[in-house]
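Report on the following structure.
The values are calculated or read from the model by the stated rules, or taken from the named source; none is laboratory data. This is a predicted model, so every value here is computed, not measured. Virtual Cβ from ideal backbone geometry, glycine too; neighbours counted across all protein chains shown.
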Amino acid sequence: MGRISNPWRLGVLVAAALSAPAMAEPKAAFVARCSMCHQAGGEGLAGQFPRLAGRAAVMAQNPEGRHYMARVVLFGLSGPIEIDGSRIASVMPGMASMSDAEIAEILSHVVTLGKPAKPAKPFKPAEIAAVRAAGRVSMADNAALRATLAGSGVIK
């Protein structure tokens with residue numbers, strides 16, 4: 001086997017190979033970017049990371065829920081939240097470095113997890129672009145939006 005003459009070239013090739021599956025299919029992108037915390041099936045980890053399976057499709061049924069979901073993926077969320085009657089104190093980092101298309105693919109996959117009672121329509125890159133164009137918000141802003149939406153029953 002030949003010797004690699006340029007280690008930087010190897011690094012670029014490895015990085016490209018690792019990112020290719022995440023860009024190729026929504027499930028692969030979710031597994032690569034999100035499953036470490038939310039688990040491959042979206043079931044989350046009790047007390048640490050919220051369950052997405054079954055919940056995401058409900059949130060995505062209305063424009064406010066869709067907007068919230070995009071904001072959280074783009075800009076993150078911190079602080080205690082309550083899911084399924086359990087308190088979760090964790091941090092989700094923002095993923096604004098991902099493209100609008102990749103975020104839309106991941107969210108479109110998320111809304112299929114857990115056999116939702118009512119399917120949600122797939123996310124479009126334009127939805128993510130509109131949220132991004134509205135400007136960066138803090139994790140605390142997203143926590144406040146979540147509290148408002150939870151209080152009005154839009155999200156649970």
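Of note:
- Qualifying residue in segment 126-145 (condition: among the small types (Gly, Ala, Ser) and part of a strand (DSSP E or B)): no
- Residue in segment 131-144 that is of a type outside the set (D, E, K, R), over 22 Å from Phe30 (Cα atoms) and touching a Lys or Arg at 6+ places or on another chain (Cβ under 9 Å) present: yes
- In segment 35-56, residue surrounded by the most Cβ atoms within 10 Å (Cβ to Cβ) [restricted to those that are assigned to a loop (DSSP other than H, G, I, E, B) and among the polar types (S, T, N, Q)]: Gln39
- Lone qualifier among Ser99, Ser152 - being more than 12 Å from the chain's Cα centre (by Cα), of a type outside the set (Asp, Glu), closer than 26 Å to Ala28 by Cβ and surrounded by fewer than 16 Cβ atoms within 10 Å (Cβ to Cβ): Ser99
- Contact map, segment 85-97: residues that are assigned to a strand (DSSP E or B) paired with residues that are at pLDDT 95 or above and surrounded by 11 or more Cβ atoms within 10 Å (Cβ to Cβ), Cβ distance under 6 Å, separation 6+ or inter-chain. Pairs shown: Met92/Gly76; Met92/Leu77.
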